[in-house]
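*Asks:* Structure below; questions to follow.
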Amino acid sequence: MLRHLGQYLLLMIQVFKKPEKKSIYLNRIFFEMDKLGLDSIGIVAFISLFVGAVLTIQMAFNIDSPIVPIYTIGFATRKSIILEFAPTIISLILAGKVGSRIASEIGTMRVTEQIDALEIMGVNPATYLIFPKIIASMVFNPLLILMSIALAILGGWLSGLFSGLVGSYEYVYGIQFQFQMYDVTYAMIKTVVFAFLITSISGYFGYYTKGGSLEVGEASTRAVVVSSVNIIIFNLLLTNLLLA
Amino acid sequence: MIEAKNVSKTFGDHQVLKNVSVKFEKGKNNLIIGQSGSGKTVLMKCLVGLYEVDKGKILFDDRNFSKMSFAEMKEIRQEIGMLFQGGALFDSMTVEENVMFPLSMFTRQTLEERRDRANFCLSRVNIVNSNKLYPSELSGGMKKRVAIARAISNHPKYLFCDEPNSGLDPKTANVIDKLINEITQEYNITTVINTHDMNSVIEIGDKISYIYEGQLWWEGDKTTIMHTDNKELNDFVFATELTRKLRK
Ligand SMILES: Nc1ncnc2c1ncn2[C@@H]1O[C@H](COP(=O)(O)OP(=O)(O)O)[C@@H](O)[C@H]1O
Ligand SMILES: [Mg+2]
């Protein structure tokens, strides 16, 4: 455990060394945004719409009381989406999708000596492989989460409307009721931290893979598990820090 | 010339290299031979600095490589080309991009110049009309040849080949051997080749170093190796019926 942490920190020092050629790194960052970010839009959109829909229905059933106004449903849906569902749950989904991809890509490069080939050429493999992924995710994931918030709220509106549980007017009023920009800021801070955790941890497990294809599979599983656990732990820490 | 002086390397409690001192000469195919597991790959990776040596030093034309920082090593590494056992081509890049990669990273050449150089190197290894293919679309022999093209694209002074013809049929293996031999002489490169293939030994063994259980056991060339009375080397060289017949 401590040995992993030490090795991880040393790797991060390597990763943030000065890159060889700026133009190449810029290209790599855009390439990774495409592979890690754009490729995730579909799954994030799908999950957000449906979870937003379910959240609204659940709120409606739970707040089924004559003294609580209907718009509270919209308000509560919005709060839970912005504060928790979009930044945390979607980041966990991304840990699964992006984390396993990164660990298996880098792990395969390790066991097939592609990383050695980079090093022989005089390229710093840690910077070349991991840095663009970290930056791409830290820039792109906030956009994914913003999209997720919008679509989840839309999903809630649709389900409220079609189930007849919440009227359009009440829902939209609830969505805007006591809106605090800080909630979004808090969500974005969490997202950026989680993006760093996912990419750096998965990069770490891929980079130190030893053996063959079996070990690449193990590295990728471990990357997902360890990033997810860290997301949960940092979620608690950040919430204490930012909201308390 | 590349020189290893008293190099030792241990993994855990397993000493893989034991006080190895060996020289590799310019313009020659310097073969490191030995049984599988004898430490050839480890020695090569020590030579190029992928593994840090525990003891001893590595000299590239009298420059002490083993004492250098990453930045200083980088200078020498740009003079090194290496062919890995499986080719180690970058999966996410096309053949052409693979060969251009060292140039893109370390030269200020334009795309045109880089592409010209890549095409030249690819034609040198007889790969044509495959520029846009990905490594997964190539046969084993083609991968090796593209890897050679990549290794020579930035005009290396030193070329390292780890089992260049393992996993290939005898004919393709011979093509690869000849190619490495030609390139070595044409550009006067110091070439180091790991192999356990007796065909290569007989074909291109200008200088041969035999590694036995992590020690330098014998040195010679393709003629002297046929008449040695070193027992372990004999066991290795004349392990098959074919080579035994050859001696007679
Ligand atoms: N990274 C490593 N960690 C631990 N042991 C290793 C490592 N690399 C090689 N070895 C061990 O060193 C010995 C020599 O391996 P190697 O140099 O690959 O042999 P070969 O002569 O077939 O190339 C083997 O016993 C191998 O298990
Ligand atoms: Mg080997």
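*Asks:* Assign unit charges at the C-beta atoms only (+1 for Lys and Arg, -1 for Asp and Glu), then state the dipole size of the range B:118-237 relative to its Cα centre in Debye, rounded to the nearest 20. If you can, show how the numbers build up before the last one.
*Replies:* Numbers: 12 positive and 16 negative charges, 150 e Å.
In total the dipole reaches around 720 debye.
*Asks:* Would you be so kind as to identify which of A:Leu9, A:Ile231, A:Gly206 lies farthest towards the positive end of the dipole of chain A, taking Lys and Arg as +1 and Asp and Glu as -1 on Cβ and the Cα centre as origin?
*Replies:* Comparing the listed Cα positions along the dipole, A:Leu9 ranks first.
*Asks:* Take peptide B:78-86, look around each residue's Cβ out to 10 angstrom, count Cβ atoms belonging to other protein chains, and average those counts.
*Replies:* 3
*Asks:* Can you give me the relative contact order of the range A:26-236 as a percent, contacts being Cα pairs under 8 Å and 6 or more apart?
*Replies:* Once divided by the residue count of the range A:26-236, the mean separation gives 38 percent.
*Asks:* Next question. With +1 assigned to the C-beta of every Lys and Arg and -1 to the C-beta of every Asp and Glu, and no other charges, what is the dipole magnitude of the protein assembly as shown about the Cα centre in debye, to the nearest 20?
*Replies:* Taking the Cα centre of the protein assembly as shown as origin, the dipole is about 560 debye.
*Asks:* Mind listing the phi-derived Karplus ³J(HN,Hα) values for the range A:37-45, rounded to whole Hz, using 6.51, -1.76 and 1.60 with θ = phi - 60°, and x for any glycine or proline?
*Replies:* x, 4, 5, 9, 4, x, 5, 5, 4
*Asks:* Then there is this: Per residue of A:108-120, count partner chain C-beta atoms within 10 Å of its C-beta, then hand back the mean as an integer.
*Replies:* 6
*Asks:* Sticking with this structure for a sec: Efficiency by 1/(1 + (r/R0)^6): what FRET value for A:Gln176 and B:Lys67, r their Cβ-Cβ distance, R0 = 60 Å, to the nearest 0.05?
*Replies:* 0.35
*Asks:* Quick check: from the Cα gyration tensor, does the range B:89-155 come out rounded (a/c under 1.5), prolate or oblate?
*Replies:* Taking the square roots of the gyration eigenvalues as a ≥ b ≥ c, the range B:89-155 is prolate.
*Asks:* Mind sorting B:Arg63, A:Arg3, A:Arg110 by how few other Cβ atoms lie within 10 Å of their own Cβ, fewest first?
*Replies:* Listed from fewest to most nearby Cβ atoms, that is A:Arg3, B:Arg63, A:Arg110.
*Asks:* Can I ask one more? To the nearest whole percent, what portion of all C-alpha pairs in the range B:1-143 is separated by more than 28 angstrom?
*Replies:* So the portion of pairs separated by more than 28 Å is 33 percent.
*Asks:* Now a separate question. Using a Förster distance of 60 angstrom, determine the FRET efficiency expected from the C-beta separation of B:Lys171 and A:Leu5, and round it to 0.05. Kindly include the intermediate steps, with their values, before the conclusion.
*Replies:* Details: r = 52 Å, r/R0 = 0.87.
Computed FRET efficiency for B:Lys171 and A:Leu5 comes out at 0.70.
*Asks:* Could you work out [θ]222 nm for chain B from helices alone, using -39500 (n - 2.57) per DSSP H run of at least four and dividing by all its residues? Round to the nearest 500 deg cm²/dmol. The partial results should precede the final answer.
*Replies:* Values: 9 runs with 93 residues, N = 248.
Rounded to the nearest 500, it is -11000 deg cm²/dmol.
*Asks:* Rounded if a/c is under 1.5, else prolate if a/b beats b/c, else oblate: with a ≥ b ≥ c from the C-alpha gyration tensor eigenvalues square-rooted, which is chain B?
*Replies:* Because a/c hits 1.5 or more and a/b fails to exceed b/c, chain B counts as oblate.
*Asks:* Let me ask you something else. Convex hull over the alpha-carbon atoms of the protein assembly as shown: what's its volume per residue in Å³?
*Replies:* Taking only Cα atoms, the protein assembly as shown has a hull volume of 176 Å³ per residue.
*Asks:* Taking square-rooted eigenvalues a ≥ b ≥ c of the alpha carbon gyration tensor, is the range A:144-215 rounded, prolate or oblate, where a/c under 1.5 means rounded and, failing that, a/b exceeding b/c means prolate?
*Replies:* oblate
*Asks:* Quick one: order A:Thr191, B:Thr228 by neighbouring beta-carbon count within 10 Å, fewest to most.
*Replies:* Sorted ascending by nearby Cβ count, the order is B:Thr228, A:Thr191.
*Asks:* Enter the mean number of other protein chain beta carbons within 10 Å of the beta carbon of each residue in B:98-104, as an integer. Don't skip to the answer; put the middle values down first.
*Replies:* On the way: counts 1, 0, 0, 5, 5, 0, 5.
Mean shielding count: 2.
*Asks:* Taking amide H positions as placed in the peptide plane 1.01 Å from N, state which residues far from B:Lys55 in sequence (5 or more) or on other chains have amide H under 5 Å from it.
*Replies:* Placed amide hydrogens put B:Ser8 under 5 Å from B:Lys55.
*Asks:* Of A:Ala45, A:Ile149, A:Leu241, which is farthest towards the positive pole of chain A's charge dipole, taken about the Cα centre with +1 and -1 on the beta-carbons of Lys, Arg and Asp, Glu respectively?
*Replies:* A:Leu241
*Asks:* Follow-up question, since we're still on this one. How long are the semi-axes of the equivalent ellipsoid of the range A:26-236, defined as square roots of 5 times the Cα gyration tensor eigenvalues? Whole Å, largest first.
*Replies:* In descending order, the three semi-axes are 40, 15, 13 Å.
*Asks:* Calculated FRET efficiency, A:Leu241 and B:Met93, Cβ-Cβ r, R0 56 Å, to nearest 0.05? Could you put the intermediate results ahead of the total?
*Replies:* On the way: r = 42 Å, r/R0 = 0.76.
That pair, A:Leu241 with B:Met93, gives E of 0.85.
*Asks:* Taking the Cα centre of the protein assembly as shown as the origin and placing charges on Cβ (Lys, Arg +1; Asp, Glu -1), which of B:Leu111, B:Asn126, A:Ile67 is farthest toward the positive end of the dipole?
*Replies:* It is B:Leu111.
*Asks:* Rounding to the nearest 10 and keeping the result within 0 to 90°, find how far the Cα-based axis of helix B:170-186 lies from the longest principal axis of chain B.
*Replies:* Its long axis makes an angle of about 80 degrees.
*Asks:* How big is the charge dipole of chain A about its Cα centre, in debye rounded to the nearest 20, if each Lys and Arg gets +1 on its Cβ and each Asp and Glu gets -1 on its Cβ? If you can, show how the numbers build up before the last one.
*Replies:* Values: 16 positive and 14 negative charges, 99 e Å.
Roughly 480 debye, rounded to the nearest 20.
*Asks:* Please list log₁₀ I(q)/I(0) at q = 0.11, 0.13, 0.15 Å⁻¹ for the range B:101-248, using the Debye equation with identical point scatterers on the alpha-carbon positions.
*Replies:* Listed by q, the Debye log ratios stand at -0.51, -0.67, -0.84.
*Asks:* Using θ = phi - 60° and the Karplus form 6.51 cos²θ - 1.76 cosθ + 1.60, what ³J(HN,Hα) does each residue of the range B:83-95 get, whole Hz, x for Gly and Pro?
*Replies:* Rounded to whole hertz, the list is 10, 8, 3, x, x, 6, 5, 6, 4, 8, 10, 6, 3.
*Asks:* Right, something else. Angle, helix A:213-243 long axis vs. longest principal axis of chain A, Cα atoms, 0 to 90°, nearest 10?
*Replies:* The angle comes out at about 50 degrees.
*Asks:* Please report how many Lys pairs in the range A:26-236 have alpha carbons closer than 17 angstrom, counting only residues at least 8 apart along the chain or sitting on separate chains.
*Replies:* Qualifying lysine pairs in the range A:26-236: 4.
*Asks:* Now a separate question. If you fit an axis through the alpha-carbon atoms of helix A:125-163 and take the longest principal axis of the Cα set of chain A, what angle between them do you get, 0 to 90°, nearest 10?
*Replies:* 20
*Asks:* Going by average Cβ neighbours within 10 Å, how do the peptides B:153-160, A:40-47 rank, with the highest at the top?
*Replies:* Descending packing order for the listed peptides: B:153-160, A:40-47.
*Asks:* Listing A:Lys22, B:Lys57, A:Lys35 from the residue with the fewest other Cβ atoms within 10 Å to the one with the most, what is the order?
*Replies:* A:Lys22, B:Lys57, A:Lys35
Computed from the coordinates by the stated procedures, all read-outs in this text should not be read as laboratory data. All figures in this text were calculated on a predicted structure; none of them were measured in a lab. FYI the Cβ positions are ideal-geometry reconstructions off the backbone, even for glycines, and counts take in every protein chain you see.
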